[in-house]
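The values are calculated or read from the model by the stated rules, or taken from the named source; none is laboratory data. The structure presented is a predicted model; accordingly, all values stated were derived computationally and were not measured. Here Cβ is always computed from backbone atoms with ideal geometry, including for glycine, and neighbour counts include all displayed protein chains.
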Amino acid sequence: MSVGKILVVDDDPQIRRVMKATLVGHSYEVIEARTGEEALETVPREMPNLVLLDMNMPGIGGLETCRAIRAGSDVPVIILSVRNTEKDKVAALDAGADDYVTKPFGIEELLARIRAALRRSPSGDGATHSFSSKELDIDFDTRRVRVRGNDVRLTPKEFELLRFLVAHAGKPVTHRELLQAVWGPDYGDEPEYLRVFVNQLRKKIEANPARPSYILTEPWVGYRFNPPE
């Protein structure tokens with residue numbers, strides 16, 4: 001029985017072959033694409049549960065492919081790249097990726113990242129079902145967010161990050177606690193992930209993202225959701 005359908009996007013046939021054999025051996029269904037253009041045709045047709053996307057490909061390239069996927073789908077995307085700088089990771093996350101894995105990687109690491117990307121975080125204390133203010137309405141059960149009367153689409157990771165912050169409204173939440181709650185227990189040392197995703201959330205829900213009123217930064221600690229009076 002398949003535990004999920006994964007689209008592997010890489011121009012190297014040997015890498016696709018190895019990835020497919022490994023993932024199928026762990027009960028995933030695997031489909032393949034050789035280029036970004038082929039991936040963009042495959043995603044709406046096959047509706048994968050996750051995309052493994054090589055950053056360095058001929059044609060439109062991994063980052064542009066990721067942006068195009070994200071424009072029409074909330075499917076989790078993990079970028080695979082030989083580059084290991086924070087600048088490259090931030091660029092991938094800004095393009096809409098959920099995670100970034102540096103080549104070469106161990107298969108257990110990749111499997112853990114896949115599980116983290118596919119998981120859904122608990123709702124914090126289990127009691128937070130909705131939030132409502134003058135400008136922001138969130139229904140956590142239906143995953144619907146409205147800002148100043150307009151529906152706003154959040155990616156799965158953006159939504160889980162917002163859910164966890166709201167569940168702990170008024171309290172500073174550390175970087176490590178947020179990372180482990182939203183991405184999983186293997187995370188904790190990736191503050192750049194939070195910077196990117198918090199910036200994305202602020203652009204979507206704040207009247208003035210440069211001077212946020214809901215998601216506040218706690219210097220050297222983390223972030224805090226500030227409910228209006």
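Considering (1) within 30 Å of residue 169 (Cβ to Cβ); (2) surrounded by 15 or more Cβ atoms within 10 Å (Cβ to Cβ), the lone condition that residue 55 does not fulfil carries the number (1). Within the stretch 54-77, residues that are part of a loop (DSSP other than H, G, I, E, B) have Cβ atoms under 6 Å from residues that are modelled with pLDDT under 90 and not small (Gly, Ala, Ser) in these pairs: 74/155; 74/156, counting only partners at least 6 apart in sequence or on another chain. Tell me, please, whether a residue that is surrounded by 19 or more Cβ atoms within 10 Å (Cβ to Cβ), within 21 Å of residue 193 (Cβ to Cβ), in contact with a strand residue (DSSP E or B) (Cβ under 6 Å, 6 or more places away or on another chain) and modelled with pLDDT of 95 or more can be found in the stretch 30-51. The answer is yes, given that some residue of the stretch 30-51 is surrounded by 19 or more Cβ atoms within 10 Å (Cβ to Cβ), within 21 Å of residue 193 (Cβ to Cβ), in contact with a strand residue (DSSP E or B) (Cβ under 6 Å, 6 or more places away or on another chain) and modelled with pLDDT of 95 or more. Counting only helices (runs of 4 or more DSSP H) that sit wholly inside the stretch 113-229, those with at least 2 residues that are polar (S, T, N, Q) and within 17 Å of the chain's Cα centre (by Cα) are 191-205.
Going residue by residue through the stretch 75-84, is there one that turns out to be of a type in the set (A, V, I, L, M, F, W, C), closer than 29 Å to residue 204 by Cβ, more than 15 Å from the chain's Cα centre (by Cα) and at pLDDT 95 or above?
Let us first name the residues in the stretch 75-84 that are of a type in the set (A, V, I, L, M, F, W, C), namely 75, 77-80, 82.
Then keep just the ones that are closer than 29 Å to residue 204 by Cβ; that gives 75, 77-80.
The next check asks that each one be more than 15 Å from the chain's Cα centre (by Cα); those that pass are none.
Within the stretch 75-84, none of the residues are of a type in the set (A, V, I, L, M, F, W, C), closer than 29 Å to residue 204 by Cβ, more than 15 Å from the chain's Cα centre (by Cα) and at pLDDT 95 or above.
Under the condition of being of a type outside the set (A, V, I, L, M) and buried (at least 19 other Cβ atoms within 10 Å of the Cβ), which residue from the stretch 175-189 is nearest to residue 151 (Cα to Cα)? So, considering only residues that are of a type outside the set (A, V, I, L, M) and buried (at least 19 other Cβ atoms within 10 Å of the Cβ), the one nearest to residue 151 (Cα to Cα) is 183. Residues that are in contact with a helix residue (DSSP H, G or I) (Cβ under 9 Å, 6 or more places away or on another chain) and aliphatic (A, V, I, L, M) within the stretch 168-192 comprise 173, 178, 179, 181, 182, listed in sequence order.
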